[in-house]
Structures are given as structure tokens and as C-alpha cells.
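Report on the structure given below.
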Amino acid sequence: MRKIIIGIVLAFVISFIFKKCTEGKTNQTIINEHSALIAKEIKNVGKLIVTEGYFSDAYSYKNSKPIFANLTSNKQALIIVNAEVTVAYDLSKIEFAIDSTNKILKIKSIPEEEIKIYPELEYYDIESGYFNEFDADDYNKIKNIVKERITKKVEASNLRINSKNRLISELSKFYILTNSLGWTLQYNDNKIDNQDKLEILKL
């Protein structure tokens, strides 16, 4: 009878130890799987074009070239510009760290937005002087001036604000993912425990 009791106790102890060891390995496997899933989702986001805008402008180009004494040779043109502007974030360049022990996804930094301008130029009323004709330098100079003018219009518009709002909308997907897995999302050491906090982030 004594041997039977000892056998039952030993079986119980072995079963308990085996269960604890198995639970630990299972939990660690799940955590590792979650870590791999989160890292994969971030790396797969790629380049995100969040905003597109269209701008128009009219620019009058004039250039005078001195010839002799007070004589000059002039050239001028009217340029109509229609430009497409895109604002994009390369989210594959997000710097992040995964704290698997505490189940925390830490977003350290988000890359700066990439603003690209695609201008289409139409030339009207082109007038060249006999000693001052239009050449490649003129067209390059006009393109650079046009780009600067459009850039100023972009800065004065709400394009950047719209792009930030779209970016935050995309970042909310990280919050939904981590929250569904029982993890915590942090940005610059700030805990994001609800989607409203994403709206006040200083990106």
C-alpha cells in the first residue's frame, strides 16, 4: 500500500513538472511567432504614397544679354506649369525594436517624408534675340525656378498635414496588430494604449 501511495505521488510530481516545462516552451514558441509576425508586417509595408496633389502656375521668363554700350539682346517666354506632387513614406525604413520578454513593439523613428514634383511645362510666346537665343541652359534654369515655385506652393498648402493624417492612419494598423496579440505599442518611449494617442504624435 505504501509503495502504491509513493508511486502515485511520484507520478503526480513528474506530471506537474512535465506540464510546467511544456507550458513554458509553448508560451515561448508563441512569443517567438508573434515577434516574427510583427517584424514581417513592418518590413512588408514598403513605400507608402499617402498624398497626391496637383498645382498650376504661370511664369514669365525674361533674360537680357548686353551687346554693346547700352544695347541688349532680349529673350522671353511665358510658361504654363501643371505639376503633380506626391508625398510618400518609405515605411520599410522604420527603426524598431521588439521586446519579446515584455511583449512590447518599440517604434524608434519614422523616416522623413519624400516629396516629389513632376512638372509639365508648356511654353508660349517665345521670343529670342538675334544674339541671345534660347538654349539648354535657359530650359534648365526655367525647370529649377519652376520647381522652387511649386515647392513654395506645396509648403503653403495643407498637403503635408494631409499626408501626416494618412500616415497616422497606417500606423494605427500596427496598434491593431499588437493589441490583438496582447502586445504593447510604443513610440519614442510613449505608450500607445488607444488609437486616439496616435493622433497627437509628433512625427
message: The conditions are (1) hydroxyl-bearing (Ser, Thr, Tyr); (2) out of contact with any Leu (no Cβ under 7 Å at 6 or more places or on another chain); (3) open to solvent by less than 70 Å² (accessible area, probe 1.4 Å), and residue 175 fails exactly one of them. Which is it?
response: (2)
- request: Looking only at the range 149-203, count how many residues are part of a loop (DSSP other than H, G, I, E, B) and either within 20 Å of residue 51 (Cβ to Cβ) or under 14 Å from the mean Cα position of the chain (by Cα) (or both).
  value: 5
message: I'd like the residue in the range 103-125 that is assigned to a strand (DSSP E or B) and open to solvent by 80 Å² or more (accessible area, probe 1.4 Å) and, out of all such residues, is farthest from residue 193 (Cα to Cα).
response: 125
- request: Kindly list the number of the only condition in (1) of a type in the set (D, E, K, R); (2) in contact (Cβ under 8 Å) with a residue 24 or more places away in the chain; (3) farther than 18 Å from residue 148 by Cβ; (4) surrounded by 12 or more Cβ atoms within 10 Å (Cβ to Cβ) that fails for residue 99.
  value: (2)
task: Could you pull out the residue among 153, 103, 108 that is at pLDDT 85 or above and within 20 Å of residue 81 (Cβ to Cβ)?
output: 153
query: Is there any pair with a first residue in the range 49-77 that is open to solvent by 20 Å² or more (accessible area, probe 1.4 Å) and a second that is in a strand (DSSP E or B) and among the basic types (Lys, Arg) whose Cβ atoms are under 6 Å apart and which are 6 or more apart or on different chains, and what are they?
result: 63/75; 76/62
- prompt: Can residue 88 be described as within 26 Å of the chain's Cα centre (by Cα), crowded, with 17+ Cβ neighbours inside 10 Å and aliphatic (A, V, I, L, M)?
  reply: yes
statement: Restricted to the range 132-172 and to residues being β-branched (Val, Ile, Thr) and open to solvent by less than 90 Å² (accessible area, probe 1.4 Å), the residue nearest to residue 34 (Cα to Cα) is 168
message: One residue is enough: does the range 87-108 have a residue meeting the conditions of a type outside the set (S, T, N, Q) and more than 30 Å from residue 34 (Cβ to Cβ)?
response: yes
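The values are calculated or read from the model by the stated rules, or taken from the named source; none is laboratory data. Predicted, not measured: the structure shown is a model, and the values here were computed from it. We place every Cβ from the backbone using ideal geometry, glycine too, and count neighbours over all the protein chains shown. What goes into the accessible areas is simple: the full protein's heavy atoms, side chains included, and nothing from ligands, DNA or RNA. Shrake-Rupley method; radii C 1.70, N 1.55, O 1.52, S 1.80 Å.
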